[in-house]
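The values are calculated or read from the model by the stated rules, or taken from the named source; none is laboratory data. Nothing here was measured: the structure is a model prediction, and the numbers come from that model. Here the Cβ positions follow ideal geometry from the backbone for every residue, glycine too, while neighbour counts run over all protein chains shown. For accessibility, only protein heavy atoms count, side chains too; no ligands or nucleic acids. Shrake-Rupley method; radii C 1.70, N 1.55, O 1.52, S 1.80 Å.
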There are 2 protein chains.
Amino acid sequence: MMSMKCKYAIKALVRLGQRFGQGYMQTKDISEKEQIPKKFLEQILLELKHARMVNSKQGLGGGYCLVKHPKDISVADVYRLFDGAIALVPCVSLNFYEKCDDCKSENDCMFRPEFIKIREGAREVMSKTSIHSFLQHAKKQSKKKK
Amino acid sequence: MMSMKCKYAIKALVRLGQRFGQGYMQTKDISEKEQIPKKFLEQILLELKHARMVNSKQGLGGGYCLVKHPKDISVADVYRLFDGAIALVPCVSLNFYEKCDDCKSENDCMFRPEFIKIREGAREVMSKTSIHSFLQHAKKQSKKKK
DNA sequence: TACATTATCTACTTGTTTGATAGAATTTAT
DNA sequence: ATAAATTCTATCAAACAAGTAGATAATGTA
């Protein structure tokens with residue numbers, strides 16, 4: 001399961017993705033539309049900014065905007081930023097690797113090969129799902145209404 | 001990432017799997033071989049018993065044994081028992097489903113289809129990885145030594 | 001029967017993380 | 001100057017993780 005923070009981040013990115021290339025969108029606006037506590041969302045957007053996924057501008061008419069194309073922001077990226085490793089155990093993580101304290105030799109470990117397979121399974125599907133993927137469904141919805 | 005509890009459970013099940021069909025193995029034995037705090041392991045084995053994955057016997061010569069074949073205990077089973085849902089969000093979970101409070105209609109939700117794909121990706125690989133899968137690697141190791 | 005051995009059960013502890021809230025400071029357009 | 005927006009830091013309550021403690025119950029053996 002992902003944290004609320006991560007879920008909120010994805011929702012916010014999708015909102016920003018809908019207005020990609022069309023200027024800034026304010027925290028208040030996203031907060032109201034997605035039912036995210038404003039103060040909490042501020043922190044999230046700030047983290048996204050520090051991770052160079054969004055850009056911002058202060059003052060009147062300011063707000064946030066995507067700095068990358070929605071196709072270039074994956075669920076894996078967002079998950080790693082807020083919730084850390086995708087792998088089930090640190091010793092097979094690509095981005096958050098940590099050595100096992102108990103295991104003597106990684107090459108002889110009976111757990112790693114299988115945990116690597118699981119990581120790859122999860123990583124692949126999370127990497128190929130992007131903010132754009134979600135937006136595709138939003139498009140379908142508006143077509144339906146017509 | 002999985003909890004230590006879940007990781008310990010898998011390790012314990014693998015140990016029991018090595019002696020599958022050969023009687024009982026004691027907590028103390030597993031605890032020492034896998035470097036798991038004994039008292040903590042007791043709780044874990046008890047939970048596994050309540051989930052009908054292992055069986056036990058008290059008194060001298062007692063201990064724990066697998067009640068299912070190692071091929072029939074998947075990482076998904078163990079993960080669900082200790083860490084809960086495999087899905088990233090409750091509203092697409094098969095075993096721990098919870099309705100979204102914000103989302104009006106699940107059919108029109110732009111997030112569900114993608115989150116279902118991710119769940120299926122993770123679920124598939126975790127379901128097909130069993131205690132037996134880990135044991136295959138242990139066999140290879142002992143062959144190597146010869 | 002007494003005893004040692006093993007699992008069973010319940011409660012507790014300690015530290016960390018999660019999901020927020022609060023408020024002051026800073027930047028910017030008008 | 002002022003209003004509107006982000007930025008930054010601190011704080012908080014509740015839940016969770018990882019582990020400890022101790023009493024109880026079942027069982028085989030001497």
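Pairing residues of the stretch A:37-51 that are at positive phi with residues that are part of a helix (DSSP H, G or I) and basic (Lys, Arg), at Cβ distances under 8 Å and at least 6 apart in sequence or on separate chains, gives no pairs at all. Taking the criterion of being more than 12 Å from chain B (Cβ to nearest Cβ) and either of a type in the set (A, V, I, L, M, F, W, C) or part of a helix (DSSP H, G or I) (or both), the residues of the stretch A:1-30 that qualify are A:LYS5, A:ALA9, A:ALA12, A:LEU16, A:PHE20, A:MET25, A:THR27, A:LYS28, A:ASP29, A:ILE30. When B:PHE96 is tested against the conditions (1) out of contact with any Asp or Glu (no Cβ under 6 Å at 6 or more places or on another chain); (2) within 11 Å of chain A (Cβ to nearest Cβ); (3) surrounded by 14 or more Cβ atoms within 10 Å (Cβ to Cβ), the lone failure is (3).
Are any residues in the stretch B:31-47 within 13 Å of chain A (Cβ to nearest Cβ) and within 11 Å of DNA strand C (Cβ to nearest atom), and if so, which ones? Before the answer, list the steps.
Kept after step one, since they are within 13 Å of chain A (Cβ to nearest Cβ), are these residues of the stretch B:31-47: B:31-37.
Selection gives B:SER31 alone.
Taking the stretch A:54-85, which residues are more than 12 Å from DNA strand D (Cβ to nearest atom), surrounded by 15 or more Cβ atoms within 10 Å (Cβ to Cβ), more than 14 Å from chain B (Cβ to nearest Cβ) and assigned to a loop (DSSP other than H, G, I, E, B)? Of everything in the stretch A:54-85, just one residue is more than 12 Å from DNA strand D (Cβ to nearest atom), surrounded by 15 or more Cβ atoms within 10 Å (Cβ to Cβ), more than 14 Å from chain B (Cβ to nearest Cβ) and assigned to a loop (DSSP other than H, G, I, E, B), namely A:LYS68.
A count restricted to the stretch B:15-31 and to residues that are farther than 19 Å from B:LEU135 by Cα and open to solvent by 30 Å² or more (accessible area, probe 1.4 Å) stands at 2. In the stretch B:99-120, which residue that is basic (Lys, Arg) and more than 10 Å from every other protein chain (Cβ to nearest Cβ) is least open to solvent (accessible area, probe 1.4 Å)? The residue in question is B:LYS99.
Taking the condition under 25 Å from B:VAL125 (Cβ atoms), in contact with an Asp or Glu (Cβ under 7 Å, 6 or more places away or on another chain) and open to solvent by less than 20 Å² (accessible area, probe 1.4 Å), does B:ALA12 pass? Please lay out each step first, then the result.
Working: under 25 Å from B:VAL125 (Cβ atoms): yes; in contact with an Asp or Glu (Cβ under 7 Å, 6 or more places away or on another chain): yes; open to solvent by less than 20 Å² (accessible area, probe 1.4 Å): yes.
When the stated conditions are applied, B:ALA12 passes them.
When the criteria are applied in full, A:ILE131 fails the requirement of being at pLDDT 95 or above and open to solvent by 50 Å² or more (accessible area, probe 1.4 Å).
Given A:ILE30, A:ILE10, A:ILE44, which one is within 11 Å of DNA strand D (Cβ to nearest atom), within 14 Å of the chain's Cα centre (by Cα) and of a type in the set (A, V, I, L, M)?
On the way: A:ILE30 fails: within 14 Å of the chain's Cα centre (by Cα); A:ILE10 fails: within 11 Å of DNA strand D (Cβ to nearest atom).
Only one candidate qualifies: A:ILE44.
Only one of the numbered conditions (1) within 27 Å of B:VAL14 (Cβ to Cβ); (2) small (Gly, Ala, Ser); (3) at the interface with chain B (Cβ under 7 Å from one of its Cβ atoms) is not met by A:SER133, and that is (1).
Please find, within the stretch B:1-29, the residue that is nearest to DNA strand C (Cβ to nearest atom) out of those that are of a type in the set (A, V, I, L, M) and in contact (Cβ under 8 Å) with a residue 24 or more places away in the chain.
Our first condition is that a residue be of a type in the set (A, V, I, L, M); within the stretch B:1-29, this holds for B:1-2, B:4, B:9-10, B:12-14, B:16, B:25.
So of that shortlist, the ones also in contact (Cβ under 8 Å) with a residue 24 or more places away in the chain come out as B:2, B:9-10, B:12-14, B:16, B:25.
On the way: B:MET2: 13, B:ALA9: 14, B:ILE10: 18, B:ALA12: 11, B:LEU13: 14, B:VAL14: 16, B:LEU16: 11, B:MET25: 7 Å.
So the residue we want is B:MET25.
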